[in-house]
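See below for the structure under consideration.
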Amino acid sequence: MRDADPKTIYLKDYSVPEYLIDNVALGFNLDEENTTVTARMTLIRNPASLAVGTALVLLGENLRLHRVVLNDANELGEQDYQQTDDALIIHNVPQQHSFVLTIENSINPKANTALEGLYLSNGMLCTQCEAEGFRKITYFLDRPDVMTRFTTTLEGDKDRYPVLLSNGNKIAYGELPDNRHWVTWEDPFRKPCYLFALVAGQLACLEDRFTTCSGRSVSLHIFAEPYDLDKCGHAMQSLKNAMLWDEQVYGREYDLDLYMIVAVSHFNMGAMENKGLNVFNTKFVLARPDTATDFDYEHIEGVIGHEYFHNWTGNRVTCRDWFQLSLKEGFTVFRDQEFTGDKTSKAVKRIEDVNMLRTRQFSEDAGPMAHPIRPDAYIEINNFYTLTVYEKGAEVVRMLHTLLGADGFRKGSDLYFERHDGQAVTCDDFVNAMEAANSVDLSQFRRWYEQAGTPVVTVQQTYDANAHTLTLTLSQNCPPTPGQHHKAPLLIPVAMGLMNADGSVAPCQLQGQQADQACILQLTQAQQTFTFVGLTQQPVLSVLRGFSAPVKVLMERSLDELAFLLSHDSDTFNRWEAGQQLASRIIFGLVGDVQNGLALQLNPIMLDAFEKVLQYPWPDLSYFSLLLSLPSENYLAEQMTIVDVEAIHTAREFVVRSLAEHFQAVLRGLYQRYHLDESGQFDSGAIGRRRIKNICLGYLSRLNAVDIQQWALQQFNSAKNMTDQIAALSDIVNNPHADKQICLARFYQQWQAEALVIDKWFTLQATSKMPDAFQTVLALMNHPAFDLSNPNRVRSLIGAFSQANAVHFHAANGQGYAFLGDQIIALNTLNPQVASRMVGALTSWAKYDVNRQALMKAQLERIINTANISKDVYEVASKSLSPLSA
Ligand code: B3K
Ligand code: ZN
């Protein structure tokens, strides 16, 4: 049983809209349970449409319709229209070029627990319309290629809703009887209705200004609940940084006189780029040194940047249809990555992004939900806001940047904005602009938009000592993915360099070309050979520098060669990568030993490599901390054909403990050296010192030494910043520490009024590897602070347990799976989008042993057979169960 036919929508079926909406005047009479909406829209026949029908189909869901009036005169009777579950079909609309239609309906924001459309969050009314939420507000042509001018009048009680916000500029306001007031907003820019927003509530505001490159002064307003106003300063600074960066790097200036951000506590995802009125999850706005970690600070700046950058890549130029989502998301993620890299450390940011991509997107791309960055089909578009569309999409844009160079890429983006400002366009339009501005042929490159799956690039080398040449044979192969069995070769940019045995740079000279320090090979065929000349000794290869393409590289390497690269590679990404590969190889060897019941011993190469890293005077301590970090259990799992969660955990823990024992003295020294009181300082130096200090404490805590336990306790008790406090608490919770319960209780006591900090408290316990973790999770489900209707809470407990606690979630008896099944079923009726995200942990069943496979599949079956399963959950669960038919 499902609440809707699981109808599949196909890209190939796209046709232009029959009607357009030139302008709409929206009126809202706001009330928690009964908001009335009036939409007076001017419709025009789309000259580009060949359709000749006389019916107008407006989309709408869960609406109580009151009135339909044509041309301000004729109220239509029920014989003139037909209402279905998801549409209002008006028969015999006038044949004239343009006409006016007014719809009056009402909605119940309080009952809207799906948090799509108009809903209530802590007494505040707010909207989320992307992708298809506007149709839950009123009947409309809810599709991104219908771009309309919006005027919005909000009316409500002055005490409940003193602040009334919508897109654009405030053009009028006034008082009404019965303690009510109204405000009218006008957005001068055409936009699709997914960018519409309204917010009403008792909100406090932090104000600032930004002067744009052409000298215009823009008011910046950040709204939050009054209690949170003291945590908005970092978001404001981030916004100003983003505005300046987009002017400097892309030549893009902000276009309205006002930019507003509202922080809300109930939000399905991170944030939303509504024109001039961004709505944000509080998680990506609120920060104070004592409540937010250094990562939180960085992510806030990144997400504020991301939503701001959408003003050009998404709003001024938008998507023609939802299959083109990566047009705005891939490009905007690329822009936010570069922004954060410029603001923090390019090397560190690149590693963090690739780490996430390889751990999570690669696994999505290898699983039953794999899809190209421009999907061909979907049942529920909200299921396609994926790591593939966002993160792999950003990698595809990055490859264009690599191939065209920064200047060529900028020429392409300038042309793209010039050609398409004010339009709803496709991914092809973007590539066309890059192509035209640089006079290049990107036809083969376009396959990245069509083909799913992670390509594997195999590298073979032959050195000819007599001819002084090195011949590289690169081949590419992309595994089959659902619905795509044969893949054509892609254009893969492979950045590389060569090194001599002493670590110095060897010349990189392709036959017939100039010598250089490094080069980018363009792999275009299934197999291709490249010859380097002028090499008097056999060089060591550094391949896929900077992770120049979202691929896996297969290459025979000795552990010694990896250790050499870790010591000598001048490419910061590959240097780190060599360490990761070295550690992975050693851990996988130990996984085999665990499986065969052998005693574990750490290979001295690992000790030697780690020692070299520890001894080197790294200028960037954040980068240093990444070199000291082992590959995560999830990344190791992603690389195994059949995942053995317990063996991975045992092997990895063995390495952590061995390194801690072996380097105890150095790690203690580093901890003491960098354990300073620098709370409130967020420069890269202070952040780096905290990172190193805390990673050292993490290793040392594995030793269970009494004095180290004291260090952790001391740091926990005296920390004035959340980075240090939560790091110490994590060490206390994840090791047998006598004060664990006391510290958890104290932390809760200290932070119970700070929802985002309490989320961290839930997550820490949900991801604990200690034996009692599952029982703790069950108990936390009944904690008074747990709330299934708040997505942040759900993610912090259920999401964290199922996605970041492999050993306990994948317990062999299936209790973790059954628990998740229960929660998905409960969430399905409450919030289908969040429920569907939670199914993710069950989709990879094929990667586990047969017993676990059966248990995971049983939960997926159970979910599908639940009464009233939403199409969100149905799509993910059903595609997971029959991946090949998808
Ligand atoms: N565009 C929004 C995401 C909307 C998700 C809808 N399910 C946030 C972003 O990518 O900036
Ligand atoms: Zn986005």
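Each value in this text was obtained by applying a stated rule to the coordinates, not by laboratory testing. Nothing here was measured: the structure is a model prediction, and the numbers come from that model. In this analysis, Cβ positions are derived from the backbone assuming ideal geometry, glycine residues included, and neighbour counts consider all displayed protein chains.
Here are some notes:
- Calculated over region 396-487, the projected area of the Cα convex hull averaged across directions stands at 8.6 nm².
- Residues whose amide H comes within less than 5 Å of that of I9, counting only those at least five positions distant or on another chain, are Y378, I379 (H built at 1.01 Å from N in the peptide plane).
- Estimated from helices alone, the mean residue ellipticity of the chain at 222 nm is -12000 deg cm²/dmol (sum of -39500 (n - 2.57) over DSSP H runs with n ≥ 4, per residue).
- Segment E32..E561, full-extension length gain: 183.9 nm, with 0.36 nm per residue of separation and the alpha-carbon distance subtracted.
- At an R0 of 30 angstrom, the distance between the Cβ atoms of Y10 and N46 translates into a FRET efficiency of 0.90.
- Within the same chain, lysines fewer than 8 places from K857 are excluded, and of the rest, those with a Cα less than 26 Å from its Cα are K7, K769, K847, K871, K879.
- Listed by chain and number, the lysines whose alpha-carbon sits under 26 Å from that of K191, ignoring those within fewer than 8 places in the same chain, are K12, K136, K170, K240, K275, K328, K411.
- Bridges between two residues of the chain, per DSSP, are antiparallel at a rate of about 80%.
- Per residue, the convex hull around the alpha carbon atoms of region 800-886 comes to 84 Å³.
- Sequence-distant residues sharing a close amide H with L141 (under 5 Å, placed H): L59
- Here's how it looks for A87: its modeled amide H is under 5 Å from those of G60, which are all 5 or more places away or on a different chain.
- Span from the region 601-630 Cα centroid across to the region 327-357 one, whole angstrom: 24
- Share antiparallel - DSSP beta bridges, region 249-404, percent rounded to 5: 25
- Shape index of region 66-136: Rg/Rh, with Rg the Cα radius of gyration and Rh the Kirkwood radius from the inverse mean 1/r over Cα pairs, equals 1.07.
- C-alpha center-to-center spacing [region 515-534, region 258-301] in angstrom: 44
- More than 14 angstrom apart: percent of Cα pairs within region 814-854: 48
- Both numbers refer to the Cα atoms of the chain; Rg and Dmax are 28.1, 95 Å.
- Phi-based couplings in Hz for region 311-322 (Karplus 6.51, -1.76, 1.60; Gly and Pro marked x): 4, 9, 9, x, 9, 4, 10, 10, 8, 5, 8, 6
- Sorting the segments 110-118, 442-450, 828-836, 212-220 by their residues' average number of neighbouring beta-carbon atoms within 10 angstrom, most packed first, yields 828-836, 110-118, 442-450, 212-220.
- Peptide ranges 573-580, 493-500, 516-523 listed from the most packed, as the mean C-beta count within 10 angstrom indicates: 573-580, 493-500, 516-523
- Mean projection area, nm², convex hull over Cα of region 634-690: 5.8
- Both radii come from the Cα set of region 598-676: Rg as radius of gyration, Rh as Kirkwood radius; their ratio Rg/Rh reads 1.01.
- 3J(HN,Hα) along region 215-225: x, 7, 9, 10, 7, 10, 10, 10, 9, 8, 5 Hz, from the Karplus curve 6.51 cos²θ - 1.76 cosθ + 1.60 with θ = phi - 60°, whole Hz, x for Gly and Pro.
- Order by protection proxy (mean Cβ within 10 Å, highest first), peptides 483-491, 586-594: 586-594, 483-491
- Theoretical gain in end-to-end length, Q96 to T471 [0.36 nm per residue, Cα-Cα removed]: 128.0 nm
- A Förster distance of 30 Å, applied to the separation of the beta-carbon atoms of A204 and D677, puts the FRET efficiency at 0.45.
- Hydrodynamic radius of region 234-351 per Kirkwood, over alpha carbon pairs, in Å: 14.5
- Backbone HN-Hα couplings from phi across region 363-380 [Karplus 6.51/-1.76/1.60, Hz, Gly and Pro as x]: 6, 4, 5, 9, x, x, 9, 4, 8, x, 5, 10, x, 9, 7, 8, 9, 10
- Angstrom value of the Kirkwood radius, inverse mean 1/r, which spans all Cα pairs in region 685-732: 10.5
- Mean-position separation - Cα centroids, region 153-224 and region 710-787, in angstrom: 39
- All Cα-Cα separations within region 172-290 were binned at 5 Å from zero, giving a P(r) of 2, 10, 18, 21, 20, 16, 8, 3, 1, 0, 0, each value a whole percent of the pairs.
- Anchor K612: lysines whose Cα lies under 17 Å away (excluding residues fewer than 8 positions away in-chain): none
- Contact order relative to length of the chain, as percent, for alpha carbon pairs under 8 angstrom and 6 or more apart: 9
- Spin-label model distance (nm) - T462 vs Q537, 7 Å beyond Cα toward Cβ: 2.4
- Isotropically averaged projected area of region 502-570, using the convex hull of Cα atoms (one quarter of hull area), nm²: 5.5
- Legend: helices of the chain (whole DSSP H runs) are marked when their alpha-carbon atoms reach 30 angstrom or more along the helix axis and their mean Kyte-Doolittle hydropathy is at least 0.0; marked are 572-595.
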